Each structure stands twice: as C-alpha cells, then as structure tokens.
1. If you go through the range 186-228 one residue at a time, how many are in contact with a helix residue (DSSP H, G or I) (Cβ under 7 Å, 6 or more places away or on another chain) and either closer than 20 Å to F135 by Cβ or modelled with pLDDT under 80 (or both)?
2. Being assigned to a helix (DSSP H, G or I) and either surrounded by 18 or more Cβ atoms within 10 Å (Cβ to Cβ) or not acidic (D, E) (or both) narrows it down to one residue among A136, A131, A109, A155; which is it?
3. Given the options I60, I48, name the one that is at pLDDT below 85, crowded, with 16+ Cβ neighbours inside 10 Å, under 28 Å from A206 (Cα atoms) and touching a strand residue (DSSP E or B) at 6+ places or on another chain (Cβ under 8 Å).
4. Find all pairs meeting these conditions: Cβ atoms under 7 angstrom apart; at least six residues apart or on different chains; first residue within the range 93-104 and within 20 Å of G209 (Cβ to Cβ); second residue open to solvent by less than 60 Å² (accessible area, probe 1.4 Å) and of a type in the set (S, T, Y).
5. Six or more apart or on different chains, Cβ under 9 Å: which pairs go from a residue in the range 197-220 that's farther than 22 Å from A31 by Cα to one that's crowded, with 18+ Cβ neighbours inside 10 Å and charged (D, E, K, R)? Could you list them?
6. Since F29 meets every condition but one in (1) farther than 21 Å from G144 by Cβ; (2) open to solvent by less than 50 Å² (accessible area, probe 1.4 Å); (3) hydrophobic (A, V, I, L, M, F, W, C), which condition does it not meet?
Amino acid sequence: MEVREVRVLPAGAHALLVELADGERAEAFHAELLRRRARGALPGVREIVPGARTVLLDGIEEVSGRIPAARDRLARDLLSWSVPPLRREERDAVEIPVVYDGPDLHEVAALWGVGVDEVPGLHSRTAFRVAFCGFAPGFGYLTGLPERLHVPRRATPRTRVPAGALALAGPYTGVYPRPSPGGWQLIGRMADPAAALWDSGREPAALLGPGTRVRFVAAEPGAVPLPRTETGR
C-alpha cells in the first residue's frame, strides 16, 4: 500500500482518522492494525473502529504529559507502514444457516441475470468478511461479493424488516439483528430465528464484529416463512 493512498487526520486530542482509497484498502489497514496490536506493536491505542473507507484510532494515551506529541508521532508512523493485501483466510469463519426465500429473491436473480434457483449457490459460495458495523447494534457490513453481483437498494424502503432477514445493498451483505426499517434487497432469513446477532450480556456482544469471516449455509425451508414486510409510501 503506497503512502499516497493513505491520509491521516487528527480527530480531537486523543484520536486519529485514517482515510483510505477504498473499502478493500480500509479492510486491509484494519487487519494490519489488529495484527500489530495483538503482538504488542501498537501501544497507546485503546480503540480501533473501522468504517467503509476509514479507520479511527481512539484513546491515544498520554506520553510524558504530551498527548498531541504521541498522536502526531503515531500519525507519521502510520504513513510509513507497508500494508499487505487482505488475507481472508486468517480466521475461522462463522457459519450462518439461511433459507433463501426472501421477497426480493426474484428481483435479485433478474439483476444478476440468473435463475432464481441459482441465487442461493452464488451467494453461499462467497467468502464474506465483516468490514465494519453500523446502522444498528450487531449489524455487520459484509464484503466479498464480486462486483457483477452488486445490487442497488430498493427504490422504496420497507417500514419494517424482520429480525434475521438476509439482505443485499451495493457491495454489501447484511443480516438484520432486530426488526427495523430498511431499504436493502431481502433474499432470505436465518434458519434459526432465536440466534442472537447482538447480545449485550455476551463478550463480545456482536456475533459479527469487524474482521469476522462469515459463510452462509443454505438450509431447507422450515414451516415458518419469512414474516411479512411492509413497504413505506
């Protein structure tokens, strides 16, 4: 990764915001930060928060009473890093059984130019990785779909999407951890409706935290269909 593809900006006295050229480079930079922190080579940083094309390093510790000096030195160090491409096989994958029977399945198949019965195989054979979290507690933005399988958001968002719904939007795949409004294309649902993507009593609370590898496993439809969704006007 070349220096010109990285911009490091101060974010208050205790944080730095690292801007990358695209999502793939942001994921690779985040993975490198985690590797260095794991081996003790990133002292003085309490939190690392990835975004779509950014990574925030927060809680930079005071050194000899001079927080800005520690922050500025770290900023210079970050610009000198050589970051290897993302290796998606680094961690064991979380497997999530899903039933591909979502209300937008036919529309997604048409956008992909394939038959409806081909969507589950194309999607479940993809190796996903959580790039970052947002929107709602436990909602991970998963990357991995090739560009030809990217789809637009719905023109009209739904006022309620059920918990466990498997959805696509742009380059991302996501699973709704709780009922909420949403404009993503729904292609299926988690086979186990009781599985918790977010549990505040668990450590970590999010099942799908940043950097987690995810693989969806096609499951047979059960007796309970995906709950009805409502379209906003």
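1. 4
2. A109
3. Among I60, I48, only I60 is at pLDDT below 85, crowded, with 16+ Cβ neighbours inside 10 Å, under 28 Å from A206 (Cα atoms) and touching a strand residue (DSSP E or B) at 6+ places or on another chain (Cβ under 8 Å).
4. Hits for this filter: V94/T212.
5. Cβ pairs passing all conditions: none.
6. (1)
The values are calculated or read from the model by the stated rules, or taken from the named source; none is laboratory data. Bear in mind that the values here come from a model prediction, so they are computed numbers and not experimental data. Positions of Cβ are generated from backbone atoms using ideal geometry, with glycine treated the same way; all protein chains shown enter the neighbour counts. Note: areas computed on protein heavy atoms with side chains; ligands, DNA, RNA excluded. Shrake-Rupley method; radii C 1.70, N 1.55, O 1.52, S 1.80 Å.
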